[in-house]
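Enquirer: I am attaching a structure below and will ask some questions about it afterwards.
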Amino acid sequence: MPSPQNPRAAKRASGFWMLAICVATILPGNDLRAAGEGQGGAADWKTAGAAATASGSAPQAVSSSAPATESPQASAASRQAEKAEEIFAQSRQLLDRADSISARIRNQAELLDHPIRGTGLYLQQGHGPRRLTRMELRSQAEGEATTFLEICDGHILWSLHASEVAVRPAAPPPAGQQSQTPAAAAPAAPSLSKVDLDRVWQAWEQTANEGRLDAARFPTVAGLPKLLDGIRHKFHFTRATEGRLGDVAVWTVEGRWRADELAAAVPDQRAAILAGRPIDLKKFPKQLPERILLDIGRDDQVPYRIRYLRRGGNSGSGGGAGEGGSSEADDGNRLPAGYHVIVSMELFEVRLGGPIDPRQFIYQPSSGLQVLDATEGYLKALHLSTPPK
C-alpha cells in the first residue's frame with residue numbers, strides 16, 4: 001500500500017478498490033440475498049418500473065409502479081424498456097448456459113483527476129453453485145501497481161488485494177543542508193480473505209428447510225454472474241440501441257437507478273428520490289455513477305463492455321447539454337449528452353466453450369501470508385444463521 005505520508009496516493013489506491021468492487025462485486029450496499037432472486041428465468045427480470053423513464057437535470061430513479069393508463073409516448077418508452085430488460089436477461093442467461101468462458105479484460109477509471117488503466121483475465125467453468133471462476137485485474141497509476149484477484153474453486157472464495165509502489169530516489173540536498181524528503185514506507189502486506197462456501201451452503205439449506213427461503217435460488221458468489229446480478233439489483237433498463245464495438249455488433253443497453261437503491265446510496269436525499277424529484281448533483285457521492293451502459297453482443301449475448309457514467313468533471317468525453325441527446329465518445333459509441341465514463345470494464349478475445357486448465361482455479365496462499373476468514377460477514381449479509389464449523 002502507499003506510504004501514509006502520501007495521502008493522494010492512498011486515495012488513489014482506495015479508488016482502485018472502488019473500481020475492483022464495481023467490477024467484481026458491484027457498488028456499495030449490494031444485498032447478497034437479493035442477488036439470488038433473479039435466477040428464475042426471463043420473466044423474473046422484467047419489472048413494473050421498466051415502463052417509466054427518468055428525466056430532468058439531476059439523477060432520478062423510477063418507482064416500482066406504473067400508471068394504469070399510458071400516453072403514446074409512455075407506451076413507446078415501456079416497449080423500449082421491456083426490450084432492454086429482455087436483452088439484459090438473455091445476456092445473464094448466457095453466463096449460466098455456457099460450459100466455459102475465457103476472456104481478457106481492459107479496465108479504466110478516472111479518480112481524483114488521475115487516470116487508472118489496467119488489464120486482466122476472466123475464466124469461468126461449470127454451472128450452478130459449484131461454478132469455478134477466476135477474475136484477475138492489474139492496474140497502474142503514477143508508479144503504483146495494484147492487483148485484485150478473486151478465485152472461486154467451488155468450496156472457497158478467495159480475494160486478494162495487493163499493491164506495489166515504485167519509489168524513486170530523491171535528489172541529494174544542497175551542500176550543508178539536510179534532506180527534507182521523508183523516508184518511504186515499505187508497502188504493506190497483501191490483503192487476503194476467504195469465504196467458506198461449504199458453510200454458506202449448509203446455512204442456506206438449513207434456512208430453506210425452515211421454510212424461510214427457496215433453496216433453488218442460491219445467490220451467485222463470484223465472477224460475471226455476480227456482477228450482472230448486482231447490476232440488475234441496482235438498476236432498471238430503459239432502452240437498447242444498435243451499435244458496434246470494434247468489429248462486434250452490439251446492443252447498447254442503458255440502465256438507471258432503482259428508486260429504493262438510489263435512496264439507500266444517498267440517504268440524505270431519500271425523501272426527494274422516493275417522491276420522484278431531482279436531487280442535487282453536488283450532493284451526489286463522487287464515486288457513485290448516475291447511469292450504466294452495457295454493450296451486449298447481438299449475435300452471442302456476451303456482455304462485452306460495462307460503463308458507469310456521471311455528469312461533470314470531464315468535458316473530453318463529449319460535449320453538449322440537454323437530456324435525451326447524445327454525443328460522440330471514445331470509439332464511436334454514443335453517450336448521453338453531458339455524461340462521461342468514470343469506470344469501464346471491457347472483455348475481448350472472448351471464447352465460449354473449450355477447455356480451461358483446472359489449475360487456473362486453484363489458489364494456495366503464500367507461506368506466512370495472513371488470511372482473514374470473512375465467512376461470518378458473508379453469512380450476515382445473507383441473513384443466515386451461523387452453522388457449526
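Enquirer: Name every residue in the stretch 334-357 that is exposed (fewer than 12 other Cβ atoms within 10 Å of the Cβ) and without any contact (Cβ under 8 Å) to a residue 24 or more places away in the chain, in order of residue number.
Expert: Asp357
Enquirer: Can you tell me which residues in the stretch 366-389 are at pLDDT below 85 and of a type in the set (S, T, N, Q)?
Expert: Answer for the stretch 366-389, where residues must be at pLDDT below 85 and of a type in the set (S, T, N, Q): Ser385, Thr386.
Enquirer: Scan the stretch 201-240 for residues that are exposed (fewer than 15 other Cβ atoms within 10 Å of the Cβ) and outside any helix (DSSP H, G or I) and report the count.
Expert: Of the residues in the stretch 201-240, 4 are exposed (fewer than 15 other Cβ atoms within 10 Å of the Cβ) and outside any helix (DSSP H, G or I).
Enquirer: I'd like to know if the stretch 117-127 contains one or more residues that are farther than 21 Å from Leu352 by Cβ and touching a Ser or Thr at 6+ places or on another chain (Cβ under 7 Å).
Expert: First pass over the stretch 117-127, keeping only residues farther than 21 Å from Leu352 by Cβ: 117-118.
Subsequent filtering for residues that are touching a Ser or Thr at 6+ places or on another chain (Cβ under 7 Å) retains 117-118.
Yes, the conditions are met somewhere in the stretch 117-127.
Enquirer: If you don't mind, another one. If we scan the stretch 356-363, do we find a residue that is modelled with pLDDT of 95 or more, acidic (Asp, Glu), out of contact with any Leu (no Cβ under 8 Å at 6 or more places or on another chain) and assigned to a loop (DSSP other than H, G, I, E, B)?
Expert: Yes, the stretch 356-363 contains at least one residue that is modelled with pLDDT of 95 or more, acidic (Asp, Glu), out of contact with any Leu (no Cβ under 8 Å at 6 or more places or on another chain) and assigned to a loop (DSSP other than H, G, I, E, B).
Residue by residue, here is whether (1) farther than 20 Å from Val250 by Cα; (2) at pLDDT 95 or above; (3) among the polar types (S, T, N, Q); (4) exposed (fewer than 15 other Cβ atoms within 10 Å of the Cβ) holds:
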site	(1), (2), (3), (4)
Ala43	yes, no, no, yes
Val62	yes, no, no, no
Ala81	no, no, no, no
Ala98	no, yes, no, no
Gln108	yes, no, yes, no
Ile116	yes, no, no, no
Leu123	yes, yes, no, no
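Enquirer: Which residue pairs have Cβ atoms closer than 8 Å, lie 6 or more positions apart in sequence or on different chains, and pair a first residue in the stretch 214-240 that is without any contact (Cβ under 8 Å) to a residue 60 or more places away in the chain with a second residue that is of a type in the set (A, V, I, L, M, F, W, C)?
Expert: Asp214/Ala208; Ala215/Trp204; Ala215/Ala208; Phe235/Trp257; Phe235/Ile292
Enquirer: If only one of Asp268, Asp247 is more than 20 Å from the chain's Cα centre (by Cα) and either crowded, with 17+ Cβ neighbours inside 10 Å or closer than 24 Å to Glu349 by Cα (or both), which one is it?
Expert: On the way: Asp268 fails: either crowded, with 17+ Cβ neighbours inside 10 Å or closer than 24 Å to Glu349 by Cα (or both).
Asp247 is the lone residue from the list that is more than 20 Å from the chain's Cα centre (by Cα) and either crowded, with 17+ Cβ neighbours inside 10 Å or closer than 24 Å to Glu349 by Cα (or both).
Enquirer: Same structure again: Filter the stretch 241-253 down to the residues that are in contact with a Ser or Thr (Cβ under 6 Å, 6 or more places away or on another chain) and outside any strand (DSSP E or B) and list them by number.
Expert: Here is the first cut: in the stretch 241-253, the ones in contact with a Ser or Thr (Cβ under 6 Å, 6 or more places away or on another chain) are 241, 243, 252.
Result: no residue meets the conditions.
Enquirer: On the given criteria, is Ile273 closer than 26 Å to Gly126 by Cα, of a type outside the set (D, E, K, R) and modelled with pLDDT of 85 or more? It would help to see each step written out before you state the result.
Expert: Numbers: closer than 26 Å to Gly126 by Cα: no; of a type outside the set (D, E, K, R): yes; modelled with pLDDT of 85 or more: yes.
Criteria not met by Ile273.
Enquirer: Would a scan of the stretch 78-93 turn up a residue that is in contact with a Phe, Trp or Tyr (Cβ under 6 Å, 6 or more places away or on another chain) and more than 22 Å from Leu352 (Cβ to Cβ)?
Expert: Looking only at the stretch 78-93, we keep the residues that are in contact with a Phe, Trp or Tyr (Cβ under 6 Å, 6 or more places away or on another chain), and these are 84-85, 87-89.
Add one more test, that the residue is more than 22 Å from Leu352 (Cβ to Cβ), and what stays is 84-85.
Looking through the stretch 78-93, at least one residue is in contact with a Phe, Trp or Tyr (Cβ under 6 Å, 6 or more places away or on another chain) and more than 22 Å from Leu352 (Cβ to Cβ).
The values are calculated or read from the model by the stated rules, or taken from the named source; none is laboratory data. Because the structure is predicted, anything quoted here is derived from the model rather than measured. Cβ atoms come from the backbone with ideal geometry, glycine included; neighbour counts cover every protein chain shown.
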